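The values are calculated or read from the model by the stated rules, or taken from the named source; none is laboratory data. Because the structure is predicted, anything quoted here is derived from the model rather than measured. Here the Cβ positions follow ideal geometry from the backbone for every residue, glycine too, while neighbour counts run over all protein chains shown. For accessibility, only protein heavy atoms count, side chains too; no ligands or nucleic acids. Shrake-Rupley method; radii C 1.70, N 1.55, O 1.52, S 1.80 Å.
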Amino acid sequence: MEPIIHIENVHKYFGQVHALRGVSLEVNTGEVVVVIGPSGSGKSTLLRCINRLEEYEEGKIVVDGIPLDSAANINAVRTEVGMVFQQFNLFSHMTVLDNINLAQRVIRKRTKAECDRIALELLDKVGIPEKANVYPLQLSGGQQQRVAIARALAMNPKIMLFDEPTSALDPEMIKEVLDVMMDLAKEGMTMVVVSHEMGFARAAAHRVILMAEGEIVEQGTPDQVFEHPQHNRTKAFLSHIL
């Protein structure tokens, strides 16, 4: 089976900073890959390259058989890839229901009734069905992030990308978001997750990748990476966080 994400020798620069240094990676359908590493290691940059939110100077990325080499292809890939950011990026002047429905209506061309049905089902799935008609500022951070996940899922994505989705949350709200992500993993959603939540990585990941200085330093199962790291860079990182 062809990998659903194929990344080959990708280089990315921010001015003089070489943010990605020849990164290659394949992700299979239904696989949960958690990317860990110190700040500034290129984790979020790599994630953002997968749906071309960041341009890259060298290499190639193919998502679900579509190379990211033209505007039409990039738009096609973005309709199949959901992304959840650190900040929730909800429209404050729109209700939760309207936030979830906007892209469905504009991009998927669904009727209002169909959008409402899907949105309400997803709000139930993420555990906040009673919040459909409130505004984002009336929600906790954890609730807003769950709305953001529901909004991404409403587009029926084949892949979900999570860029440190719990880093802006208070500690007591982190679990409610991770529980939703765990459920998605159990359902077989293909997921690439940049996270500092090592408990989630242990429980949900098929593969853990450690990045440092723009390179993939080590990868393997959670047990291999956390219990039997091979590289000194991995050992040093884990010694600070475990």
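Checked against a 21 Å cut-off, the cross-linked pairs 112/158; 43/131; 125/175; 109/131; 43/125 give Cα-Cα distances beyond that limit for 112/158; 43/131; 109/131; 43/125. Sorting 107, 100 by accessible area puts them as 107, 100; the probe is 1.4 Å, largest comes first, and only protein heavy atoms count. In the chain, the longest principal axis of the Cα atoms and the axis of helix 112-125 are about 60 degrees apart.
P(r) tail for the stretch 148-216: Cα pairs beyond 14 Å make up 62% of the total. Solvent-accessible surface of protein heavy atoms, probed at 1.4 angstrom with all chains present, puts 1, 83 in the order 1, 83, largest first. FRET efficiency for the pair residue 202 and residue 168, taken as 1/(1 + (r/R0)^6) with r the Cβ-Cβ distance and R0 = 25 Å, rounds to 0.65. Result for the chain in a Gaussian network model with C-alpha springs under 10 Å: among 113, 205, 154, the largest mean-square fluctuation is at 113. Scaling against 2.2 N^0.38 Å puts the C-alpha radius of gyration of the chain at 1.01. Of the listed residues 94, 181, the order by accessible area with a 1.4 Å probe, largest first, is 94, 181. Taking the longest Cα principal axis of the chain as reference, the axis of helix 71-80 is set at about 70 degrees.
I want the local charge near residue 175. Using Cβ-Cβ distances under 12 Å, sum +1 for each Lys or Arg and -1 for each Asp or Glu among the other residues. Could the numbers behind the result be given before it?
Details: positive: 146; negative: 170, 172, 176, 179, 197.
Here the charged neighbours net out to -4.
Could you tell me what percent of the DSSP beta bridges with both partners in the chain are antiparallel, to the nearest 5? Antiparallel: roughly 55 percent of the beta bridges in the chain. Comparing 130, 26, 213 in a Gaussian network model of the chain where C-alpha atoms under 10 Å apart are linked, the largest mean-square fluctuation is found at 130.
Our coupling estimate for the stretch 230-237, obtained by passing each phi through the Karplus curve with A = 6.51, B = -1.76, C = 1.60 and θ = phi - 60°, is 9, 9, 4, 5, 5, 4, 5, 5 Hz, Gly and Pro reported as x. Name the most mobile residue of 15, 59, 42, meaning the one with the largest mean-square fluctuation, in a Gaussian network model of the chain with Cα contacts below 10 Å. Ranking 15, 59, 42 by mean-square fluctuation puts 15 first.
Dividing the Cα radius of gyration by the Kirkwood radius, what Rg/Rh value follows for the stretch 81-181?
Working: Rg = 12.5 Å, Rh = 13.3 Å.
That ratio equals 0.93.
Amide hydrogen proximity for residue 212: with H placed 1.01 Å from N in the peptide plane, the residues at 5 or more positions away or on another chain lying under 5 Å are 217. Measure nothing but the geometry: give the 0 to 90° angle between the long axis through the Cα atoms of 171-186 and the longest principal axis through the Cα atoms of the chain, rounded to 10°. Approximately 90 degrees, to the nearest 10.
Give the relative contact order (percent, whole number) for the chain; include only Cα pairs under 8 Å separated by 6+ residues. Mind showing how you got there, number by number?
On the way: 438 pairs, mean separation 63.8, N = 242.
Averaging sequence separation for qualifying contacts and normalising by length gives 26 percent for the chain.
Length gained on full extension, residue 70 to residue 2, computed as 0.36 nm times the residue gap minus the Cα-Cα distance: 22.4 nm. Measuring nothing but alpha carbons in the stretch 1-111 and taking Rh as the Kirkwood radius, the Rg to Rh ratio lands at 1.01.
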